[in-house]
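Working notes, beginning with the structure itself.
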Amino acid sequence: MKSPIFLNVILLLTSAAAAQEYDLLLQGGHVIDGKNKISAIRDVAIRAGKIAEVAAKIDPAKAHKVVNVSGLYVTPGLVDIHVHVYAGTGQRGAYSGDNSVYPDGFTLRSGVTTVVDAGSSGWRNFPDFKDRVIDRSKTRVLALLNIVGKGMGGDPIEQNVDDMEAAATADQAKKYKDTVVGIKSAHFRGPEWTSVERAVEAGTLANVPVMVDFGTFRPERPYQDLVLKKLRPGDISTHMYLGAVPMLDDTGKVNKYLFEARKRGIIFDVGHGGGSFLFRQAVPAIKQGFIPDSISTDLHISSMNAGMKDMLNVMSKFLNMGMALDDVILRSTWNPAREIKREEFGNLSVGSTADVAVLRVEKGNFGFVDILGARMKGTQKLVCEMTLRDGLMVYDLNGITREDWNKLGNYGAQGDHRWDTTVTEPGRARKKK
Ligand SMILES: [Zn+2]
């Protein structure tokens, strides 16, 4: 039996739900969205995991939860296309094992919502990687398949040209096309082009880009030929500021072939890592306009506590080398999303996945270190205040989404399944996509 009071309550709830058409409203932040060419103060509303509205002013009454982010930058969730996260296999000294890290401790706290594992697994062990890490992480983990079937198992596994099968690799890429976004050639020491050629063959068969870590640079296969002849437009040369890359001529000018390669569509990616970023390459290159298409970390156990540290530290280096903030954000969001052909990420278009980073630029005296331990002074540093994945808060450094404890009376768990994953009532978490 329904009493009139009960019906009134239903009506009230219904009208409240109708008024609150948005789950979450980020109010008053400076939005930087390279895809939509926005760099201005905007409100951002989110509904059901998607961007619902971006406008100069959105009525806060329309939102279930309002967060004031004035003074902060609101950007698409960062997309880091070079990491190693195939941890937990127990394999010593290998990126398909102990050299990798589990992603969630390094990503969300840096504003990163999507990472691409760069070839830690190959077609043979990708299903294990998927089961072990990809399917269990809060971070969205995509992957490049190593052209070596067993992936980055160290040597001699990674030098075994008999395990570089283009067809098997392409088949696996197609089978897991939701997760596999490309092919990787890496760490190759031999004089042949086999590793690169098979990777490109697999990339062509599966219609995905190839990323190359050129391994040992050898006169038999010059880097110039890699970027001018061997790679296809849309393929990616990572570790662009590596010491071994023939970057500058005797007079300190950036070599012309690099601009030619870029003109033919080759993508240049940072891939900082533990051995692949020198200020003496990057600073003059950036001054002369040879800037990265995408900024990425090459996160692994040796880079995480050295000069690289995390995505925001690498981005901060570029900020302090003179790149504009909008440009740094573009190259850490929309550009990498396009490179891996995942245009649903890296932007804040209405209808896009609501992956969002809320960042602060700190001013002060800072220092940044390259892979040989050289320091560069800086005055700006990016800090992550808050991260959303699929519209849900996954990180909140200073509790800007929260009420003060002493205003809550006899309080319990403060979770809210409509916008929050970090404190949730038992059984109320929204199902992971
Ligand atoms: Zn790497």
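What the table shows:
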{"item": "Test: residue in the range 142-156 that is surrounded by fewer than 24 Cβ atoms within 10 Å (Cβ to Cβ), at pLDDT 95 or above, closer than 26 Å to L231 by Cα and under 21 Å from the mean Cα position of the chain (by Cα)", "result": "yes"}
{"item": "Among (1) open to solvent by less than 60 Å² (accessible area, probe 1.4 Å); (2) on the phi < 0 side of the Ramachandran plot; (3) among the charged types (D, E, K, R); (4) touching a strand residue (DSSP E or B) at 6+ places or on another chain (Cβ under 8 Å) - the single one D390 does not satisfy", "result": "(2)"}
{"item": "Residue that is nearest to the ligand (Cβ to nearest atom) [pool: residues in the range 213-231 that are assigned to a helix (DSSP H, G or I) and open to solvent by 20 Å² or more (accessible area, probe 1.4 Å)]", "result": "K230"}
{"item": "Residue in the range 264-282 that is of a type in the set (A, V, I, L, M), more than 16 Å from the ligand (Cβ to nearest atom), in contact with a helix residue (DSSP H, G or I) (Cβ under 7 Å, 6 or more places away or on another chain) and assigned to a strand (DSSP E or B) present", "result": "no"}
{"item": "The range 42-86, subset in a strand (DSSP E or B), farther than 30 Å from V212 by Cα and among the β-branched types (V, I, T), residue farthest from the ligand (Cβ to nearest atom)", "result": "V66"}
{"item": "Residue within the range 359-376 that is touching a Ser or Thr at 6+ places or on another chain (Cβ under 7 Å), under 15 Å from L26 (Cα atoms), open to solvent by 10 Å² or more (accessible area, probe 1.4 Å) and at pLDDT 95 or above present", "result": "no"}
{"item": "Long-range neighbours under 6 Å by Cβ, at least six apart or interchain, first residue in contact (Cβ under 8 Å) with a residue 12 or more places away in the chain within the range 156-176, second among the acidic types (D, E)", "result": "A166/E201"}
{"item": "Pair list, Cβ < 8 Å and 6+ apart or interchain, from the range 309-325 residues that are at positive phi to residues that are open to solvent by 10 Å² or more (accessible area, probe 1.4 Å)", "result": "G322/I286; G322/K287"}
{"item": "Any hit, the range 283-290, residues being touching a helix residue (DSSP H, G or I) at 6+ places or on another chain (Cβ under 7 Å) and over 13 Å from T238 (Cβ atoms)", "result": "yes"}
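Residue by residue, here is whether (1) within 20 Å of S349 (Cα to Cα); (2) open to solvent by 10 Å² or more (accessible area, probe 1.4 Å); (3) under 21 Å from the mean Cα position of the chain (by Cα) holds:
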| site | (1), (2), (3) |
| --- | --- |
| V66 | yes, yes, no |
| V85 | no, no, yes |
| N99 | no, yes, yes |
| D117 | no, no, yes |
| S121 | no, no, yes |
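The values are calculated or read from the model by the stated rules, or taken from the named source; none is laboratory data. Keep in mind that what you see is a predicted model, and the values were worked out from it rather than measured. Using ideal geometry, Cβ is built from the backbone for each residue, glycine included, and neighbour counts are taken over all protein chains shown. Just so you know, the surface numbers come from the protein's heavy atoms only, side chains and all, with ligands and any DNA or RNA stripped out. Shrake-Rupley method; radii C 1.70, N 1.55, O 1.52, S 1.80 Å.
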